[in-house]
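Each value in this text was obtained by applying a stated rule to the coordinates, not by laboratory testing. Predicted, not measured: the structure shown is a model, and the values here were computed from it. So basically every Cβ, Gly included, is an ideal-geometry build from the backbone, and we count neighbours across all protein chains shown.
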Amino acid sequence: MIAQTEKRENPMREILIDKVVINIGVGESGERHQKAMKVLELLTGQKPVATYAKKTIRGFGIRKGEAIGAKVTLRGEKAYKFLMDALSVKEMKLSRRQISDGNFSFGIEEHIDLPGVEYDPDIGIFGMDVCVSLKRRGFRVARRRRCKSKVGSKHRITKEETIKWLESLGVKVE
């Protein structure tokens, strides 16, 4: 008699958070840019990276190469914790238009809405963009240096799978 084994889900099909990128676009260098860098460091506990203007726009007073923003990339447990805090600000609601194949993005209008953040009049209030990238185990084959190959179409994450994953977290997708 052959013992029946329970049908388990393939661990390679599990959807994981690849990274969460938090971006603050200030539009000018100087004191306000430094404050934005400080806000990101306080929120994430990581040192932010400055983003620079790609071209000169005289109407906005921006010169090519000028520091006009800041960003931080979170991975692992830090990414999951920050994502849950940021989604709580959005009241666990996202639009279908904010979601694509394996990615979704949303904005936070005021950083003081995040849990555990107090208003500091010296810093002010900043808005930010939160961009989340999802992956499955095995996606590294497309990024590695040696023996690089393509990720098969059945292994890629579709928009519907992204929505299902968000709903499993308790996010309402409208």
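Output yes when any residue across region 124-141 is closer than 30 Å to GLU9 by Cα, loosely packed, with under 12 Cβ neighbours inside 10 Å and either β-branched (Val, Ile, Thr) or out of contact with any Gly (no Cβ under 9 Å at 6 or more places or on another chain) (or both), and no when none is. Yes - at least one qualifying residue is present in region 124-141. Please work out which one of (1) closer than 18 Å to LEU74 by Cα; (2) touching a helix residue (DSSP H, G or I) at 6+ places or on another chain (Cβ under 6 Å) is the condition ARG136 fails and give its number. Among (1) closer than 18 Å to LEU74 by Cα; (2) touching a helix residue (DSSP H, G or I) at 6+ places or on another chain (Cβ under 6 Å), ARG136 violates only (2). Only residues that are in contact with a helix residue (DSSP H, G or I) (Cβ under 7 Å, 6 or more places away or on another chain), more than 16 Å from TRP165 (Cβ to Cβ) and in a strand (DSSP E or B) were counted across region 70-96, and they come to 3. Just so you know, in region 123-148 the residues that are in a loop (DSSP other than H, G, I, E, B), among the charged types (D, E, K, R) and free of Cβ contacts under 8 Å to residues at least 40 places away in the same chain include one that is farthest from THR162 (Cα to Cα), and it is ARG146. When the test is whether a residue is farther than 25 Å from GLU161 by Cα, among the hydrophobic types (A, V, I, L, M, F, W, C) and in contact with an Asp or Glu (Cβ under 9 Å, 6 or more places away or on another chain), ILE24 passes it.
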